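Below is one structure, written out as structure tokens; comments come after it.
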Amino acid sequence: GLDYRYTIIDMHTVDCCDLLAQEDNPNALILAVLCDFKGRPAHEVIHFIVERLRTIAGENTTQFREHMLKLEILSLNRDLQKVIKEEEDMLSEVRYSQLPSFHLGVEHGMKQGMQQGMQQGMQQGEAIMLERQMMRRFGALEGGTQTRLKNATREQIELWAENVLDAHSIQDVFRNH
């Protein structure tokens, strides 16, 4: 014989500050997305909510994803999906750059790039040296010979550099042993 009556509240009229003040209550924070922001920019309120949810979840990424899913669903009611997406994108960029593996990857990439650059520089230097030796020995080189030197592998250049010592013609330089 109990009779319950409830008052329906339009969440858009509730001040979001009351729910945002409950900083350790993820459900209150998520519900705040439905409330009146009282003139505060939506991206600031969403940023605060997402940061608090991330702090509450800590290292538990599953819990954080669950909270974000709820926030995304409720944001549809206020047409705030774009703001949520921007916040998620920014959050993922920041999080990736904070990972130790990110820095290791950057460091590895830089080392690898420097090593490749040094190898290319050495190869170009060897090709230039071989070109100068061939010009001194045989005179001006044809364009095809210069192109061949520029496109050669390091191994080919080393072989040709040995060949130039006893070659009688440019063709002898390019012979294979």
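For Met129, state whether it is under 42 Å from the mean Cα position of the chain (by Cα) and aliphatic (A, V, I, L, M). Spell out the reasoning first.
Working: under 42 Å from the mean Cα position of the chain (by Cα): yes; aliphatic (A, V, I, L, M): yes.
Yes, satisfied.
Restricting attention to the stretch 59-80, report how many residues are surrounded by fewer than 17 Cβ atoms within 10 Å (Cβ to Cβ) and among the hydroxyl-bearing types (Ser, Thr, Tyr).
Residues that pass the stated criteria total 2.
Could you go through the stretch 45-54 and let me know if any residue there is basic (Lys, Arg) and not in a helix (DSSP H, G or I). I'd like the intermediate steps shown before the answer.
So the first thing to find is which residues in the stretch 45-54 are basic (Lys, Arg), and the list is 52, 54.
When the remaining residues are screened for being not in a helix (DSSP H, G or I), the result is none.
No: the stretch 45-54 contains no residue that is basic (Lys, Arg) and not in a helix (DSSP H, G or I).
In the stretch 1-17, how many residues are open to solvent by 100 Å² or more (accessible area, probe 1.4 Å) and either acidic (Asp, Glu) or in contact (Cβ under 8 Å) with a residue 60 or more places away in the chain (or both)?
Looking only at that region, the number is 1.
Go through the stretch 7-44 and count every residue that is more than 15 Å from Glu88 (Cβ to Cβ) and outside any loop (DSSP other than H, G, I, E, B).
18
Quick check: anything in the stretch 45-56 modelled with pLDDT under 80 and aromatic (Phe, Trp, Tyr)?
no
Mind listing whichever residues of the stretch 143-158 are in contact (Cβ under 8 Å) with a residue 12 or more places away in the chain and more than 22 Å from Gln116 (Cβ to Cβ)?
Result: Thr145, Gln146, Arg148.
What are the pairs with Cβ atoms under 7 angstrom where one residue, in the stretch 165-177, is of a type in the set (Val, Ile, Thr) and the other, located anywhere, is assigned to a loop (DSSP other than H, G, I, E, B) and open to solvent by less than 100 Å² (accessible area, probe 1.4 Å)? Sequence gap at least six, or different chains.
Val173/Val164; Val173/Ala167
Can you list the helices (runs of 4 or more DSSP H) lying wholly within the stretch 81-177 that have 3 or more residues being modelled with pLDDT of 90 or more and open to solvent by 100 Å² or more (accessible area, probe 1.4 Å)?
Counting at least 3 such residues, we get 100-138.
The values are calculated or read from the model by the stated rules, or taken from the named source; none is laboratory data. This is a predicted model, so every value here is computed, not measured. Backbone-built Cβ (ideal geometry, glycine too); neighbour counts: all protein chains shown. The area values use the complete protein model at the heavy-atom level, side chains included, leaving out ligands, DNA and RNA. Shrake-Rupley method; radii C 1.70, N 1.55, O 1.52, S 1.80 Å.
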